[in-house]
Amino acid sequence: MKNVKNRLLIETPPRRLLFLSWLLVTIAAVSTVFSQETDVFPVPETFKTEGVPTIKNSDVEHLFFDTASIKSNLIWDADTRNRKLLVTDETNNVYQLSTPLSKPVKLFDKVIPKSVKTNPNGESFAYTSDHEDEDNYQLYLYDFKEKTPKKLITLTGKDESVDSFVWSKKGDSLFYMRADYVSKTSKLCQFNLIEEKCFPVELKGFWDVLQDGGNKILLKYFKASTSQYLYVYDLQSGKLTPVDEMGNSRKAFLVQDRVFWTSEGNENCKKDPCLLSLSLKNNRISQLNLPDNIQSFYDVKISPEGNNLLIQETKDGVDYLRVFRLRKDKIVKEIPPFIPGSYVIWNTRWLMDNELVYTLENNGKPASIQSFNIDTGKATDWTKESLPAQLANKVKSPEVFKWKSFDQKEISGYIVRPQKSEKKSPVLIFVHGGPQVLDRPIFNSQDIRLASNLGMTIIHTNIRGSSGFGKEFMDADNKEKRGDAVKDIRALLDWVEKQPDLDANQIYLRGESYGGFIVLATALQEPSRIKAVIAEYPLVSIRGMLGQSWIDESAKNEYGDPKDEQLMKKLDELSPLGNTNRWNKIPLLLTRGKLDQRNPEKDVIDLKNQLQTNGSEVWFIYSTEAGHGFGGKYVFAAMNQFLKKQINKEQ
């Protein structure tokens, strides 16, 4: 399990998982070829199942639709030299989009990159992918003239990966980090498109390369999710100089001779949110004087020539773009708001110094791409979304809500309700992975189908540990406080019981990855109020996870030191693994991928076996060729039938 993968359990890095939730949602929408000779919905050849009843085509065929009936696009990167875009769609292919509303040209498929970055000269782009060896990311180059990708370097370590990279300012080379997960060290290297050169700087732990400033490189040390430190490495002298070792610096960039970065906890911050600037000429640090009504940073970017500042705020999962004119490190003017309505906004890029491009979506609208020229005030659609009739107008607009937990801490989430409901609605509570992730009201075809076909109300949660609410909130579930996150869900059950339109006798839980651990732990503590659980590729034992060889400082900071036996015993009590005597035979749908390196397979199999021995109903789906995050048509069909059975049983 790699550090970059650990951040799936701890934090979602923007460069890696910007598309993750969207991909997981849309993968189930791929068209299904039903058997013409039988009414049996086929189990994929690479799947093994236990306890899953035969699924009939006639029972689930209404869940699926032709991919041609849905259109959704996200940005990979922007080519500022030629004013073009690299985009993806619901089939996960990589396309080049040359002009607004033109037909995207497919460049390659069957490979989902981790990160894509266009060469500043516009002649090529680089990307990383683990399609050859899961969790070990290789560096590739796609040349627009040759029209074929090629691997640039060969990784020689037993457990080595390229987890971050940037282009040089001139576009004649790539800087990247080679992460060694055996020695737990990082190596800064440069590839000039002919050969590799690595620099003699000692980097213990896991580092990211952020930007090339000519003769200086901006680096970030990921000590922990709430302890991310900045440094500048001088290519000529070989000196590594700290920029910020006090605050949590999630975003940073170089503009000419200045470093700009967001910081939480730095003594130079007079107020939050805080955006600092460092002059590399005189080492003077100053804080940008932002408007008082800015509450948070989700993303921050400065335009290519440094004249404009983009700040993306997220309030209760809804995004707002704010653009300011800059003069050195001072704000001189704010551009009037230009995006009407409420949206989730993805992967903003500066297309030119005066034009930015972004992806818009919400619960009822698939993702589409738009640009805005701040000089002319003109918005331009680059793509248009489309939606199949069976998904249109099936759910109400997401409703943001809040509830008080056991310690009076305010927790938030959003609710997706069916458009029509004649009686109290069954409730499906969803807990995201991470934990330092923010669940936002994106377009979600699974939510729509479960709400419209089963009449369910889906509640998405951002319990303590989630990002987007400050450093203290992210750390509020660390180590011995893990059980407090479970208490957040238990407090939500109390809230549900008070809602007149929700059926408190039909509460179901669903969690992915770390969220799977939380829903399993909640069901263990709520044996009568929880009617069924869906745990997809879950963490089932913190002790087991911490016993793996990849464990680093960031994992220990989040989950605890595996040598602390008193803490491990406390965390053992949270998991049903080894505690099935306290599991009230609650039905469970459980998934696991053989290639999943994040959590020990033995723990998941042991939990499955223990629950089966205990007489619990377990639907188990195992993929022999997939890893963490696997899903697809069969998994969603089984999930629908699992929930349908439990709902009918309760009724």
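The values are calculated or read from the model by the stated rules, or taken from the named source; none is laboratory data. Keep in mind the model is a prediction, meaning the values are calculated, not measured. As a convention, Cβ positions derive from the backbone with ideal geometry for all residues, glycine included, and neighbour counts pool all protein chains shown. Surface accessibility is based on the protein's heavy atoms, side chains included, excluding ligands, DNA and RNA. Shrake-Rupley method; radii C 1.70, N 1.55, O 1.52, S 1.80 Å.
Things to note:
- Only residues that are under 30 Å from LYS394 (Cβ atoms) and open to solvent by 20 Å² or more (accessible area, probe 1.4 Å) were counted in segment 468-491, giving 1.
- The residues of segment 467-483 that are touching a Gly at 6+ places or on another chain (Cβ under 9 Å) and not basic (Lys, Arg), listed by number, are SER467, GLY468, PHE473, MET474, ASP475, ALA476, ASP477, ASN478, GLU480.
- Taking the criterion of being open to solvent by 50 Å² or more (accessible area, probe 1.4 Å), over 23 Å from LEU387 (Cα atoms) and not basic (Lys, Arg), the residues of segment 77-98 that qualify are THR80, ASN82.
- Output for segment 616-651, where each listed residue is of a type outside the set (S, T, N, Q) and open to solvent by 40 Å² or more (accessible area, probe 1.4 Å): GLU617, GLU625, LYS633, LYS644, LYS645, LYS649, GLU650
- Of all residues in segment 221-235 being closer than 18 Å to LYS187 by Cα and hydroxyl-bearing (Ser, Thr, Tyr), the one that is surrounded by the most Cβ atoms within 10 Å (Cβ to Cβ): TYR233
- Residue check for TYR537: under 22 Å from the mean Cα position of the chain (by Cα), in contact (Cβ under 8 Å) with a residue 60 or more places away in the chain and at positive phi: yes
- Applying the criterion of being farther than 19 Å from ILE302 by Cα and touching a strand residue (DSSP E or B) at 6+ places or on another chain (Cβ under 7 Å) to the residues of segment 245-263, the residue that is most open to solvent (accessible area, probe 1.4 Å) is GLU245.
- The single residue among VAL116, VAL60, VAL43 that is open to solvent by 10 Å² or more (accessible area, probe 1.4 Å), closer than 29 Å to ASP596 by Cβ and touching a Phe, Trp or Tyr at 6+ places or on another chain (Cβ under 7 Å) turns out to be VAL43.
- Test for LEU588: is it of a type outside the set (Lys, Arg) and under 22 Å from GLU526 (Cβ atoms): yes
- Some residue of segment 453-462 being in a helix (DSSP H, G or I) and without any contact (Cβ under 8 Å) to a residue 12 or more places away in the chain: no
- Looking at SER575, SER549, just one residue is open to solvent by less than 40 Å² (accessible area, probe 1.4 Å), in contact with a Phe, Trp or Tyr (Cβ under 9 Å, 6 or more places away or on another chain) and among the small types (Gly, Ala, Ser), and that residue is SER575.
- If you go through segment 123-139 and keep only what is part of a loop (DSSP other than H, G, I, E, B) and under 30 Å from ASN82 (Cα atoms), you end up with GLU123, ASP130, HIS131, TYR137.
- In segment 123-168, the residues that are farther than 22 Å from GLY629 by Cβ, modelled with pLDDT of 95 or more and of a type in the set (Gly, Ala, Ser): SER124, ALA126, SER168
- Just one residue in the set LYS187, LYS204 is buried (at least 16 other Cβ atoms within 10 Å of the Cβ), out of contact with any Phe, Trp or Tyr (no Cβ under 6 Å at 6 or more places or on another chain) and among the basic types (Lys, Arg); that residue is LYS187.
- Scanning segment 616-651 for residues that are in a helix (DSSP H, G or I) and touching a helix residue (DSSP H, G or I) at 6+ places or on another chain (Cβ under 7 Å) yields a total of 8.
- Subset of segment 326-337 that is part of a strand (DSSP E or B) and open to solvent by less than 60 Å² (accessible area, probe 1.4 Å) - its residue that is nearest to GLU355 (Cα to Cα): LEU326
- The criterion of at least 2 residues that are over 21 Å from PHE175 (Cα atoms) and among the hydroxyl-bearing types (Ser, Thr, Tyr) is met, among strands (runs of 3 or more DSSP E) falling completely within segment 224-298, by 275-279.
- Residue in segment 141-157 that is without any contact (Cβ under 8 Å) to a residue 60 or more places away in the chain, within 20 Å of GLU196 (Cα to Cα) and under 23 Å from the mean Cα position of the chain (by Cα) present: no
- Restricted to segment 269-325, and to residues there that are under 18 Å from ASN248 (Cβ atoms) and of a type in the set (Asp, Glu), the residue that is least open to solvent (accessible area, probe 1.4 Å) is GLU313.
- Selection from segment 201-220 of residues that are acidic (Asp, Glu), more than 16 Å from LYS184 (Cα to Cα) and out of contact with any Ser or Thr (no Cβ under 6 Å at 6 or more places or on another chain): none
- Verdict on MET568 being without any contact (Cβ under 8 Å) to a residue 40 or more places away in the chain and open to solvent by less than 20 Å² (accessible area, probe 1.4 Å): yes
- Residues of segment 588-615 satisfying the condition of being closer than 24 Å to GLN506 by Cα, touching a helix residue (DSSP H, G or I) at 6+ places or on another chain (Cβ under 7 Å) and either open to solvent by 10 Å² or more (accessible area, probe 1.4 Å) or among the aliphatic types (A, V, I, L, M) (or both): LEU588, LEU589, LEU590, LEU611, ASN614
- Cβ pairs under 7 Å, 6+ apart, first in segment 86-97 and without any contact (Cβ under 8 Å) to a residue 12 or more places away in the chain, second surrounded by 22 or more Cβ atoms within 10 Å (Cβ to Cβ) and not in a strand (DSSP E or B): none
- Filtering segment 463-507 to residues that are part of a helix (DSSP H, G or I) and in contact with a helix residue (DSSP H, G or I) (Cβ under 7 Å, 6 or more places away or on another chain) leaves ALA476, ASP477, LYS479, GLU480, ARG482, ASP484, ALA485, VAL486, ILE489, ARG490.
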